[in-house]
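See structure below.
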Amino acid sequence: QVQLVESGGALVQPGGSLRLSCAASVSYFRLYDMAWYRQDPGKQRNLVASISNTGVTDYADSVKGRFTISRDNDKNTMYLQMNSLESEDTAVYYCRAGLGARVSWGQGTQVTVSS
């Protein structure tokens, strides 16, 4: 089981920026496909961005051009740089690690975009 710890969530004004981090306690982090999801209370968890073990990235349409996902395999860490934040980006953000059928989730970090 992979232990994932998210950090970086905060209260930020519209138009601001945040960088989320997801630290993984696992050997061979480089083999894992990683992703960020977000969830509003009472709603389903939705994919925000993903990065494969080969570095291929994908984004939800709502964040394209504003968010950038990246990973540092030497530090066992994944990042989500979020720019031009909007109120609609307010949610709990979760880190996900996948290797074959094995999937692990972090506990989440709250991002609130409000003036």
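Figure the gain on full extension for THR112 and LYS64 (residue separation times 0.36 nm, minus the Cα-Cα span) and round it to one decimal in nm.
Working: separation 48, 0.36 × 48 = 17.28 nm, distance 1.91 nm.
Gain on stretching THR112 to LYS64: 15.4 nm.
How large is the direction-averaged shadow of the alpha-carbon convex hull of the chain, in nm²? Present the calculation step by step, with values, prior to reporting the outcome.
Values: hull surface 27.0 nm².
If I average the Cα hull's projected area over directions, I get 6.8 nm².
Accessible area per residue for the chain in Å², computed with a 1.4 Å probe and the full protein assembly in place, what is it? Numbers along the way, then the final one.
Numbers: 6260 Å² over 115 residues.
Here the residues of the chain average 54 Å² of exposed surface.
So what J values fall out for segment 62-76 if you push phi through Karplus, 6.51 cos²θ - 1.76 cosθ + 1.60 with θ = phi - 60°, rounded to Hz, Gly and Pro as x?
For segment 62-76, the Karplus curve yields 5, 10, 4, x, 10, 10, 9, 9, 8, 8, 10, 5, 6, 9, 6 Hz.
Heads up, I need the accessible area for GLU88: 1.4 angstrom probe, whole protein in place, Å², nearest 10.
Its heavy atoms expose roughly 120 Å² to the probe.
Consider a paramagnetic label point 7 Å from the Cα of SER52 along Cα→Cβ; state which residues of segment 5-43 have an amide N under 18 Å from it.
29-36
Which loop trypsin sites (Lys or Arg not before Pro) in segment 17-85, with loop taken from DSSP, have no more than 13 other Cβ atoms within 10 angstrom of their Cβ?
Details: sites: ARG19, ARG30, ARG38, LYS43, ARG45, LYS64, ARG66, ARG71, LYS75; in loops: LYS43, ARG45, LYS64, ARG66, LYS75.
Answer in residue order: LYS43, LYS64, LYS75.
Rounded to the nearest percent, how much of the accessible area of the chain (1.4 Å probe, protein heavy atoms only) is carbon and sulfur? The partial results should precede the final answer.
Details: 2770 of 6260 Å².
For the chain, the apolar C and S fraction of the accessible surface comes to 44 percent.
Could you derive backbone 3J(HN,Hα) for segment 99-105 from the dihedral phi with the Karplus parameters 6.51, -1.76 and 1.60 (θ = phi - 60°), listing whole Hz in sequence and x where the residue is Gly or Pro?
Calculated HN-Hα couplings, in order: 9, x, 8, 8, 10, 10, 10 Hz.
Restricting to the chain, compute how many DSSP beta bridges are antiparallel as a %, nearest 5.
On the way: 39 of 41 bridges.
Roughly 95 percent of the DSSP beta bridges within the chain come out antiparallel.
Which distance in nm do the two modelled labels at GLU86 and LYS43 give, with both placed 7 Å along the Cα-to-Cβ direction?
With each label placed 7 Å out from Cα toward Cβ, I get 1.1 nm.
How large is ³J(HN,Hα), in whole Hz, for each residue of segment 32-43 in order, when computed from phi with the Karplus curve 6.51 cos²θ - 1.76 cosθ + 1.60 and θ = phi - 60°, using x for Gly and Pro?
8, 7, 10, 7, 10, 10, 9, 8, 8, x, x, 10
Would you grab the residues whose amide H sits under 5 Å from the one on GLY16? Only those 5+ places off in sequence or on another chain, please, with H modelled 1.01 Å from N.
Amide H neighbours of GLY16, under 5 Å, 5+ apart: LEU85.
The values are calculated or read from the model by the stated rules, or taken from the named source; none is laboratory data. Quantities reported herein were computed from a predicted structural model and do not represent experimental measurements. Quick reminder, even Gly has a Cβ in these numbers, built from the backbone with ideal geometry, and neighbours come from all protein chains shown. For accessibility, only protein heavy atoms count, side chains too; no ligands or nucleic acids. Shrake-Rupley method; radii C 1.70, N 1.55, O 1.52, S 1.80 Å.
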